[in-house]
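Novice: A single structure is presented below for examination.
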Amino acid sequence: MKLQTRKRIATLGVLSPPVLWALIFLFIPYLIMFTYSFYLKKFPTFEPAFQFGNYAQLVTDAQYYQVLFRTAKISIMVGLFSVLLGYPFAYFLVFKIKSDRVRAMLYMAVIVPLWVSYLLRAYTWKTILGSEGILNSFLVWSGILDAPTDIFLYNQFSMVVTLTYIYVPFIVMPAYASLEKIPRSLIEASKDLGVRPLRTFWSITLPLSSPGIAAGMTIAFCLTFGDFIAPALVGGPNGFMIANVLTSQFGAALNWPLGAALSIVTLLIVLTIISLSDTLQRSGKLELE
Amino acid sequence: MGSIIQLDRLRKTFPGGVTAVDDVSLEIEEGEYVTLLGPSGCGKTTVLRMVAGFESPNNGSIRLAGEDVTELPPYRRQVNMVFQDYALFPHMSVSQNVGYGLRIAGVPKSEIADQVRKALDLVELTSKADRRPNELSGGERQRVALSRAIIRQPKVLLLDEPLSALDANLRENMRVELRHLHQRLGLTFVMVTHDQTEALVMSDRVVVMEQGRVAQIGTPSDLYDHPASTYVASFIGVSNVLTGHVVKSHGEEITINYGAEHMTAVRNGHAYSDGDPVCMTIRPEKASLLANPKSAGKKANLLKGTVREVLFQGSIARASIDLASGDTFIVDLFLPNTSAQSDLPQHGSAVTVAVEPHNVNTFAAEGGS
């Protein structure tokens with residue numbers, strides 16, 4: 001057999017499992033979902049068709065686009081707050097901790113919660129924010145409040161708090177990696193050229209670590225966008241997000257075509273965000289080489 | 001010209017207990033090109049980083065143009081550094097890199113553009129002003145780093161192994177370039193290197209460091225011709241090191257007992273008493289091989305030996321001679337014409353090594369050995 005033929009067969013052999021996997025478990029399901037999104041609802045199921053009614057309903061019916069907006073708003077807030085908490089922490093780890101052991105310990109402390117079930121971590125906030133919860137008990141005990149309040153739980157605030165708590169590690173990891181990659185000599189060079197530490201941070205450290213921030217924020221945003229557990233646990237009636245609507249379309253509401261259209265729209269939004277963030281990260285990575 | 005840098009008994013111990021710099025005092029004159037030379041870990045880079053302000057000494061003081069800057073942060077010191085890895089900002093173009101300090105300092109845009117152009121002109125990189133650092137070659141990056149460091153006319157330019165990341169050819173060119181730049185700018189240059197040739201070629205004065213301390217300070221030819229210790233003698237160039245005892249001092253000359261022979265050396269400022277153990281260093285090119293001992297100069301020291309091997313090195317041939325004393329002595333034989341090669345001594349032949357007294361450098365033997 002010719003060497004080139006053999007090489008070609010070897011390449012196919014290596015490539016085929018992941019290609020098959022992606023085909024069977026990703027592309028075909030997407031295709032089915034895409035097809036369904038043009039179908040017509042017909043009680044009790046649906047019938048094949050090619051029409052844009054489902055998409056039109058999403059745009060015209062307030063209950064759908066409002067949920068989309070709310071989901072986007074909460075996702076952006078979770079992304080922002082996660083960065084505001086996670087980035088300074090990563091910065092502190094990389095630049096201010098002198099001992100390698102302490103740094104490793106603190107890093108682990110942030111990562112360890114990921115080993116605990118996501119469900120459990122979301123549920124924990126119920127016991128913290130609830131009217132019988134730890135926060136209320138403390139406020140009543142310290143005399144700040146006369147009676148427990150229910151303003152902490154079952155609203156968008158509690159959702160943002162819970163999801164931010166969950167996604168902070170996802171910011172810390174990429175931010176840490178990108179901060180660690182910045183050569184110390186760059187920061188020294190900036191100071192050497194007469195630039196004070198704060199300006200050095202704005203002009204050198206922050207721009208060079210932006211790929212890490214973008215990566216972390218994208219993860220937090222996208223995972224929040226598709227989340228349906230936090231809304232169900234701590235969201236209350238006003239905390240419904242797009243994933244909750246989706247599950248109900250495929251469940252109780254029994255409207256698969258509408259659900260399919262909704263998931264295609266969600267997919268497009270998330271893909272747009274990912275590709276934008278990817279472009280940003282690529283341009284940043286090129287620079288540090 | 002006054003002194004621009006005064007280091008007074010600097011000491012730096014890192015957490016963990018390593019003393020990188022131990023009691024270093026040094027004065028550098030304005031406009032001088034001074035090189036800190038030593039192997040890695042000798043503390044030379046730490047000295048440079050203390051002058052820049054990146055490390056603060058545990059002890060001692062640093063004065064810059066008369067002002068005590070020991071406690072000043074790096075951004076308040078009028079020194080600039082060329083980093084070993086150049087430390088160019090990857091997210092800025094060449095001209096943005098060079099103008100960075102001025103831009104943050106709030107200098108008007110037109111003036112920045114003007115100064116950046118001048119600084120880039122100086123290193124002949126005007127045509128690459130809009131490139132990013134990752135689009136430049138190693139040599140070009142180095143020149144950007146240089147022009148960025150000199151744009152504000154610092155009192156002192158610090159260079160941390162500036163040529164180590166360049167390939168051999170480029171490095172040789174840049175040695176000369178840096179030397180010319182130094183002459184053109186009239187700034188004080190302080191360079192750190194582990195490369196002795198670099199130190200000899202480029203500097204006015206060389207500070208040889210050993211384990212955090214200054215081993216010797218002198219002009220390149222001082223250090224080469226009159227090393228003050230075996231450490232310096234072996235770090236700079238190749239030396240034959242012979243040990244003996246002083247037998248007699250008479251005026252400028254001393255007589256040294258070496259093995260079964262007597263050798264004459266020039267005192268060169270050293271004071272010896274009779275019986276002192278003494279080290280002699282002799283450069284291989286300052287000795288010669290004689291077929292006929294009678295042809296030597298009147299005063300030459302003559303050492304008998306046999307040829308062990310002769311290695312051809314192009315412009316010279318390096319002969320290893322086994323001396324009667326048991327030491328090995330290296331002699332460089334010049335090959336001024338092609339026929340000289342056939343006259344080279346053969347393995348095993350008996351020869352006499354001749355060294356003029358003024359080519360025998362001496363210093364007190366260390367540790368009484």
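Rule-based calculations on the coordinates, nothing more; no lab input. Since this is a predicted model, take the numbers as computed values, not measurements. No Cβ is skipped: glycine too gets one built from the backbone with ideal geometry, and neighbour counts run over all protein chains shown.
Novice: Ranked from highest to lowest mean number of other Cβ atoms within 10 Å per residue, what is the order of the peptides A:42-51, B:323-332, A:190-199?
Specialist: Most protected by this proxy first, the peptides run A:190-199, B:323-332, A:42-51.
Novice: Here is a further query. By its C-alpha gyration tensor, with a ≥ b ≥ c as the square roots of the eigenvalues, how is region B:84-151 shaped: rounded for a/c under 1.5, else prolate for a/b larger than b/c, else oblate?
Specialist: prolate
Novice: Whole-Hz ³J(HN,Hα) for each residue in region A:222-238, computed from phi via Karplus 6.51 cos²θ - 1.76 cosθ + 1.60 with θ = phi - 60°, x for glycine and proline: what do you get?
Specialist: With the stated coefficients, region A:222-238 comes to 5, 5, 5, 4, x, 6, 10, 7, 4, x, 5, 7, 10, x, x, x, 8 Hz.
Novice: Related question: For region B:71-88 and region B:278-336, compute the distance between their C-alpha centroids and round to whole Å.
Specialist: Cα centroid of region B:71-88 versus Cα centroid of region B:278-336: 48 Å apart.
Novice: Next question. Can you check what the Kirkwood hydrodynamic radius comes to for chain A, Cα pairs only, in Å to one decimal?
Specialist: About 22.5 Å for chain A.
Novice: From the residues A:ILE134, A:VAL168, A:PHE152, which one has its Cα farthest along the dipole of region A:114-208 in the positive direction, the dipole being from +1 and -1 charges on Cβ of Lys/Arg and Asp/Glu about the Cα centre?
Specialist: Looking along the dipole axis, the top candidate is A:VAL168.
Novice: Follow-up question, since we're still on this one. Under a plain spin-label model, where a point goes 7 Å from the Cα along Cα-to-Cβ, how far apart in nm are B:ARG213 and B:LYS118?
Specialist: For the pair B:ARG213/B:LYS118, the computed spacing is 4.6 nm.
Novice: Now, a different point. Between 0 and 90 degrees, rounded to the nearest ten: what's the tilt of helix B:168-185 against the longest Cα principal axis of chain B?
Specialist: So the helix axis and the longest Cα principal axis differ by about 70 degrees.
Novice: Calculate the mean, over all residues of peptide A:176-189, of how many other protein chain Cβ atoms lie within 10 angstrom of the residue's Cβ.
Specialist: The shielding value for this peptide is 4.
Novice: Same structure again: Return A:TRP125, A:TRP21 ranked ascending by Cβ neighbour count within 10 Å, so the fewest neighbours appear first.
Specialist: Least crowded to most crowded, the residues run A:TRP21, A:TRP125.
Novice: In sequence order, what are the phi-derived ³J(HN,Hα) couplings for region A:70-82 according to the Karplus relation 6.51 cos²θ - 1.76 cosθ + 1.60 with θ = phi - 60°, rounded to whole Hz, with x for glycine and proline?
Specialist: So the Karplus estimates, Gly and Pro as x, are 4, 4, 4, 4, 5, 4, 5, 5, 4, x, 5, 5, 4 Hz.
Novice: Considering every residue in A:193-205, what mean count of other chain Cβ atoms within 10 Å of its Cβ is obtained?
Specialist: 5
Novice: What ranking of B:MET202, A:MET33 emerges when the number of other C-beta atoms within 10 Å of each C-beta is taken as an exposure proxy, fewest first?
Specialist: A:MET33, B:MET202
Novice: So how strong a dipole does region A:148-269 carry about its Cα centre when Lys and Arg Cβ are +1 and Asp and Glu Cβ are -1, to the nearest 20 debye?
Specialist: Result for region A:148-269 is approximately 360 debye, rounded to the nearest 20.
Novice: Would you calculate the separation in nanometres between label points at A:THR247 and A:GLU180, each defined as 7 Å from the Cα along the Cα-to-beta-carbon direction?
Specialist: Taking the simple label geometry, A:THR247 and A:GLU180 are separated by 3.6 nm.
Novice: If you take the charge dipole of the protein assembly as shown about its Cα centre, with +1 on Lys and Arg Cβ and -1 on Asp and Glu Cβ, which of A:LEU12, A:PHE89, B:GLN84 is farthest toward its positive end?
Specialist: The one lying farthest along the dipole's positive direction is A:LEU12.
Novice: In peptide B:93-103, how many Cβ atoms from other protein chains are near each Cβ within 10 Å, on average?
Specialist: 2
Novice: Within the set A:LYS191/B:LYS12; A:LYS96/B:LYS44; A:LYS181/B:LYS44; A:LYS191/B:LYS155; B:LYS44/B:LYS155, which residue pairs have Cα atoms separated by over 23 Å?
Specialist: Beyond 23 Å between Cα atoms: A:LYS96/B:LYS44; A:LYS181/B:LYS44.
Novice: Ordered by packing density, taken as the mean number of other Cβ atoms within 10 Å over each peptide's residues, highest first, how do A:141-147, B:14-20 rank?
Specialist: Result, highest mean Cβ count within 10 Å first: B:14-20, A:141-147.
Novice: Taking amide H positions as placed 1.01 Å from N in the peptide plane, with prolines and chain starts having none, which residues 5 or more places from B:GLU29, or on another chain, fall under 5 Å of its amide H?
Specialist: Placed amide hydrogens put B:ILE4 under 5 Å from B:GLU29.
Novice: Hey, how many Å between the Cα centroid of region B:12-50 and the Cα centroid of region B:106-140?
Specialist: Between the Cα centre of region B:12-50 and that of region B:106-140, the gap is 31 Å.
Novice: Next question, about the same structure. Take B:ARG171, B:ARG179 and order them by how many other Cβ atoms sit within 10 Å, fewest up front.
Specialist: Least to most surrounded, the residues fall as B:ARG179, B:ARG171.
Novice: Let's test the formula: R0 of 45 Å, r as the Cβ-Cβ distance of B:LEU302 and B:LEU170. What FRET efficiency results, to the nearest 0.05?
Specialist: That pair, B:LEU302 with B:LEU170, gives E of 0.50.
Novice: Per DSSP H run of at least 4 residues, take -39500 (n - 2.57); add these up for the protein assembly as shown, divide by its residues and hand me the 222 nm value, nearest 500 deg cm²/dmol.
Specialist: -13500 deg cm²/dmol
Novice: Here is a follow-up. Suppose the chain between B:SER320 and B:ASP130 were pulled fully straight at 0.36 nm per residue; how much longer would it get relative to their current alpha carbon spacing?
Specialist: Computed gain between B:SER320 and B:ASP130 is 62.8 nm.
Novice: If you don't mind, there's one more thing I want to ask. Indicate the gyration tensor shape class of region A:132-262 (rounded, prolate or oblate), computed on the Cα atoms with a ≥ b ≥ c the square roots of the eigenvalues: a/c under 1.5 is rounded; otherwise a/b larger than b/c is prolate and the rest oblate.
Specialist: oblate
Novice: Projected onto the charge dipole of region B:238-364 (+1 at Lys/Arg Cβ, -1 at Asp/Glu Cβ, origin at the Cα centre), which of B:GLY244, B:HIS358, B:ASN268 gives the Cα projection farthest towards the positive end?
Specialist: Checking the options against the dipole of region B:238-364, the answer is B:HIS358.
Novice: Can you give the charge dipole size of region B:1-61 about its Cα centre, rounded to the nearest 20 debye, using +1 on the beta carbon of Lys and Arg and -1 on the beta carbon of Asp and Glu?
Specialist: 320
Novice: Could you compute the FRET efficiency for B:VAL238 and B:GLU30, with r as their C-beta to C-beta distance and R0 at 35 Å, rounded to 0.05?
Specialist: 0.50
Novice: Also: Residue-wise, which Karplus ³J(HN,Hα) couplings in Hz belong to region B:115-130, taking 6.51 cos²θ - 1.76 cosθ + 1.60, θ = phi - 60°, and x for glycine or proline?
Specialist: Per residue, the Karplus-derived 3J(HN,Hα) values read 5, 4, 4, 4, 5, 6, 4, 4, 9, 6, 10, 4, 6, 10, 4, 9 Hz.
Novice: I've got another one for you. With only alpha-carbon pairs counted, each pair once and no self-pairs, how large is the Kirkwood hydrodynamic radius of the protein assembly as shown in angstroms?
Specialist: 31.9 Å is the Kirkwood radius here.
Novice: With no solvent and one point per C-alpha, what does the Debye sum give as log10 I(q)/I(0) for region B:81-208 at q = 0.10, 0.12, 0.15, 0.23 Å⁻¹?
Specialist: -0.30, -0.43, -0.67, -1.48
Novice: Could you let me know the centre-to-centre spacing of region A:63-83 and region A:218-289, using Cα atoms, in angstrom?
Specialist: 9
Novice: Relative contact order for region B:3-233 using alpha-carbon pairs under 8 Å, separation at least 6, rounded to a whole percent?
Specialist: This gives 28 percent for region B:3-233.
Novice: Taking the Cα centre of region B:238-364 as origin, work out the dipole magnitude from +1 charges on Lys and Arg Cβ and -1 charges on Asp and Glu Cβ, in debye rounded to 20.
Specialist: Roughly 200 debye for region B:238-364.
Novice: Going by amide H atoms built from the backbone, whose H comes under 5 Å of the H on B:GLY212, apart from near neighbours?
Specialist: Residues meeting the amide H criterion: B:GLY43.
Novice: Could you give the nm distance between label points at A:ILE151 and A:LEU3, where each point is 7 Å from its Cα heading toward the beta carbon?
Specialist: Once both label points are built, they end up 7.6 nm from each other.
Novice: Then there's this: Mind checking which lysines have their C-alpha under 22 Å from B:LYS299, skipping anything on the same chain fewer than 8 residues away?
Specialist: B:LYS248, B:LYS286
Novice: Highest mean first, what order results for B:41-51, B:355-365 on Cβ atoms within 10 Å?
Specialist: B:41-51, B:355-365
Novice: What's the local net charge at B:HIS270, with K and R +1, D and E -1, over the other residues with C-beta under 11 Å away?
Specialist: Local net charge: -1.
Novice: Which of rounded, prolate or oblate describes region A:217-289 when judged by the alpha-carbon gyration tensor and an a/c cut-off of 1.5?
Specialist: It is oblate, given that a/c is not under 1.5 and a/b is not larger than b/c.
Novice: Report the FRET efficiency, 1/(1 + (r/R0)^6), for A:GLN63 and A:ALA104, where r is their Cβ-Cβ distance and R0 is 45 Å, rounded to 0.05.
Specialist: The calculated FRET efficiency here is 0.40.
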